[in-house]
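The values are calculated or read from the model by the stated rules, or taken from the named source; none is laboratory data. From a predicted model like this one, the values you see are computed outputs, not experimental measurements. Here the Cβ is made from the backbone with ideal geometry for all residues, glycine too, and neighbour counts use every protein chain on show. Quick note on the areas: whole protein, heavy atoms, side chains included, nothing else; ligands and nucleic acids left out. Shrake-Rupley method; radii C 1.70, N 1.55, O 1.52, S 1.80 Å.
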Amino acid sequence: MWYAMTETDSSADEREKMVRLQIKARGVRDPEVLAAMQKIPRHLFVPEDCERSAYEDRPLPIGEGQTISQPYIVAVMTEQLELQPGDRVLEVGAGSGYQAALLAELAGSVISIERLEGLADRARENLARAGITGVRVVVGDGTEGYPPEAPYDAIIITAASPGVPQPLIDQLAEGGRLIAPIGPRDCQDLIKLVKHEGRVERTSLGGVCFVPLIGQFGWRGEDP
Ligand code: SAM
């Protein structure tokens, strides 16, 4: 069996500490984001051998060389999306499904794209186990976006790209927000784009390190 911790154990206390010490203390203030991070059982989104570390201040391996991001970075990115109930959201890089679960808690419909089929299957299982509805996990190259459901009020890329894929900019709605780690393979700049009258305004949110976004409009293949 993958997961041993249950909701009757200490996970709610661990989440409360995670939110207070790792997230609120570092400046994330949006009460809806803090409440969502308090609510979503992160331990249901990590492999069993990492479960005891699920609420620690670091990324964790989720298989196939990929990671679930550090809780603080997840919180910052989520806050910067400025989600409203009913928003249509696209996530590129479903991974474990944890970020998608938060998006579903705060917005309307969520499409989450994952290029690795095994991870997509696991993300669907994790979301179901956590009782999250409102997320559709799709297998594909997320650098191309997902045109059937565009435009999106918010787009989050959870893997590092050398530039913002143009299809994602095209699929952003007027007034829409896009958050992404952009830059070289080793470390990147977390950036925010906001679309106004068809043009995007870009701001920098600081340094981050993510696994690469592999695809037609990201990194090509696994080579540097
Ligand atoms: N958001 C995830 C979570 O909550 O667990 C963590 C994402 S992990 C840091 C990055 C993910 O992006 C990996 O699962 C990787 O396979 C995926 N990925 C990389 N390139 C992709 C692409 N072109 N399209 C979709 N997913 C991609």
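Segment 127-224 holds strands (runs of 3 or more DSSP E) entirely within its bounds, and those carrying 2 or more residues that are without any contact (Cβ under 8 Å) to a residue 60 or more places away in the chain map to 135-139, 172-182, 188-196, 199-208. Only one entry in E79, E105 is more than 9 Å from the chain's Cα centre (by Cα), over 17 Å from V194 (Cα atoms) and not in a loop (DSSP other than H, G, I, E, B), namely E105. The condition of being near the ligand (Cβ under 8 Å from one of its atoms) and modelled with pLDDT of 95 or more holds for only one of G140, G176, that being G140. Every condition in (1) under 24 Å from C187 (Cβ atoms); (2) near the ligand (Cβ under 10 Å from one of its atoms); (3) surrounded by fewer than 16 Cβ atoms within 10 Å (Cβ to Cβ) holds for G118 except the one numbered (1).
Just one of (1) within 21 Å of I182 (Cβ to Cβ); (2) near the ligand (Cβ under 8 Å from one of its atoms); (3) in a helix (DSSP H, G or I); (4) under 13 Å from the mean Cα position of the chain (by Cα) fails for E91. It is (3). Residue count for segment 35-76, restricted to those that are farther than 15 Å from N126 by Cβ, open to solvent by 10 Å² or more (accessible area, probe 1.4 Å) and under 15 Å from the mean Cα position of the chain (by Cα): 6.
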